[in-house]
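Inspection log for the structure reproduced underneath, given as structure tokens.
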Amino acid sequence: MMELELLPAGLLAQPACQDILRQYSQSFSEVLQFENSENSPQSHEEFNKLLTEIRHRHQDTVPHMAEALHNLRDAGNLNVNCKDRLNQAIQYFLDRLYMSRISIQMLISHHKALYCPEESKNTNPGLRGTLDPKCDAVQVAQMAFENATFLCEQMYMDAPKLNIEWSDLTDSDKNSVDFVYIPGHLYHMLFEVFKNSMRATMEFHENSESIPDINVRIVKSSQDISIKVCDQGGGISRSVAENCFLYLYTSATRVKLSEGDMGGTTSTSTPMHGLGYGLPLSRLYARYFGGDMKLASCDGYGTDTYIYLRALESDARETLPIFNASSSNKIRDTKNQVEDWTKDE
């Protein structure tokens, strides 16, 4: 909430942004009421009901903030470019807002799964809350690819095939790659990457007789889970690549979502592309437990996407924003500086 109040006046004045600030203030106030509550079944029941309300209240935070940013950009007051200082400050803030949101949603889901068994009847019995001690990366990748294929076929009447290989260097006898992780987070990352790869492949090979496969390689070492997704979708230039992880940046036609339906893993009408937050949000999911996501592209041929995750749960610690003077200054610093290097633009 403190960082929301530091946003540029033009963005903070947007009705959607004011709604988000009001919602967070309300939720914080309601949770505080349980700080000194008696440890009783009635308190537990009331607290669980509150968590359900809070989760429902904040389910549209992402599209609401996107709406505010789109309005700012459409008014000519925001340049979605990695070199623009105002955009840098906003991108920095969004990373922190959405990372906090991922953490809060995970804690609520984990608590509800453990303490509200009636809401968890349809979940995997092997889960510990939201964590899967044996999260099968290959199985999650196949599921994400299958669902992305469904969307791709709806739009292009065809879709690339999946060619997947895997290896566990810590146990040569295993026929899978499993580790302790939240399956929903891994699914979200892979689903977004597959959607991008499929769209690029289908459009680049629009007049070709055959569609090349999308190749996936999953490797588990003693330290990392590395997932490499390779497509032959024509690649992207370096000038485009530097903007790929910016919120609102998209090379596709912008789409508008209906109220309450932000897209992604829980959407009932997930669009194939055009939202402008698929990759940056996916990278946050990777970074939440100490991982990362990177792109390497060969312009004119294809793109390799790398997802890195921690193989050991003891190394997978939460990455959360800290509010202090340094973070405040970065959000306030929105003035473009005089260039001190020559450039080829």
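Taken as a whole, the condition of being buried (at least 17 other Cβ atoms within 10 Å of the Cβ) and closer than 14 Å to T305 by Cβ applies to L190. If you go through the stretch 285-314 and keep only what is touching a strand residue (DSSP E or B) at 6+ places or on another chain (Cβ under 9 Å), open to solvent by 40 Å² or more (accessible area, probe 1.4 Å) and assigned to a loop (DSSP other than H, G, I, E, B), you end up with L312, E313.
The residue list V138, V193, V80 contains one member that is farther than 27 Å from A241 by Cα and touching a residue at least 40 places away in the same chain (Cβ under 8 Å), which is V138. Checked against the criterion of being touching a Lys or Arg at 6+ places or on another chain (Cβ under 9 Å), closer than 30 Å to G10 by Cβ and outside any loop (DSSP other than H, G, I, E, B), the stretch 115-136 has no qualifying residue. Specify the residue that is farthest from E206 (Cα to Cα); the eligible residues are those in the stretch 138-164 that are open to solvent by 10 Å² or more (accessible area, probe 1.4 Å) and not in a helix (DSSP H, G or I). Residue satisfying both the conditions and the ranking: I164.
Residue-by-condition table, conditions (1) among the β-branched types (V, I, T); (2) over 19 Å from the mean Cα position of the chain (by Cα); (3) closer than 30 Å to R238 by Cβ:
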{"position": "N39", "(1), (2), (3)": "no, yes, no"}
{"position": "Q42", "(1), (2), (3)": "no, yes, no"}
{"position": "H56", "(1), (2), (3)": "no, no, no"}
{"position": "P63", "(1), (2), (3)": "no, no, no"}
{"position": "E67", "(1), (2), (3)": "no, no, no"}
{"position": "L72", "(1), (2), (3)": "no, yes, yes"}
{"position": "A75", "(1), (2), (3)": "no, yes, yes"}
{"position": "L86", "(1), (2), (3)": "no, yes, yes"}
{"position": "Q91", "(1), (2), (3)": "no, no, yes"}
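Filtering the stretch 14-44 to residues that are of a type in the set (G, A, S) and surrounded by 12 or more Cβ atoms within 10 Å (Cβ to Cβ) leaves A16, S25, S27, S37, S43. All but one of (1) of a type outside the set (S, T, Y); (2) touching a Cys at 6+ places or on another chain (Cβ under 9 Å); (3) surrounded by fewer than 23 Cβ atoms within 10 Å (Cβ to Cβ); (4) not in a helix (DSSP H, G or I) hold for V216, so report the exception by its number. If we test V216 against (1) of a type outside the set (S, T, Y); (2) touching a Cys at 6+ places or on another chain (Cβ under 9 Å); (3) surrounded by fewer than 23 Cβ atoms within 10 Å (Cβ to Cβ); (4) not in a helix (DSSP H, G or I), just (3) comes out false. Here N77 fulfils each of the conditions (1) closer than 18 Å to V31 by Cα; (2) in contact with a helix residue (DSSP H, G or I) (Cβ under 7 Å, 6 or more places away or on another chain) apart from (1). Of all residues in the stretch 47-92, those satisfying the criterion of being open to solvent by 30 Å² or more (accessible area, probe 1.4 Å), outside any helix (DSSP H, G or I), over 23 Å from L32 (Cα atoms) and not hydrophobic (A, V, I, L, M, F, W, C) are G76, N77, N79, N81, K83.
E35 satisfies every condition listed in (1) part of a helix (DSSP H, G or I); (2) closer than 28 Å to R317 by Cβ; (3) among the charged types (D, E, K, R) except (1).
The values are calculated or read from the model by the stated rules, or taken from the named source; none is laboratory data. No experiment lies behind these values; they were computed from the predicted model shown. With ideal geometry, Cβ positions are generated from the backbone for all residues, glycine too; neighbour counts draw on all protein chains shown. The protein model used for the area step is the full one, side chains on, heavy atoms only, and it has no ligands, DNA or RNA in it. Shrake-Rupley method; radii C 1.70, N 1.55, O 1.52, S 1.80 Å.
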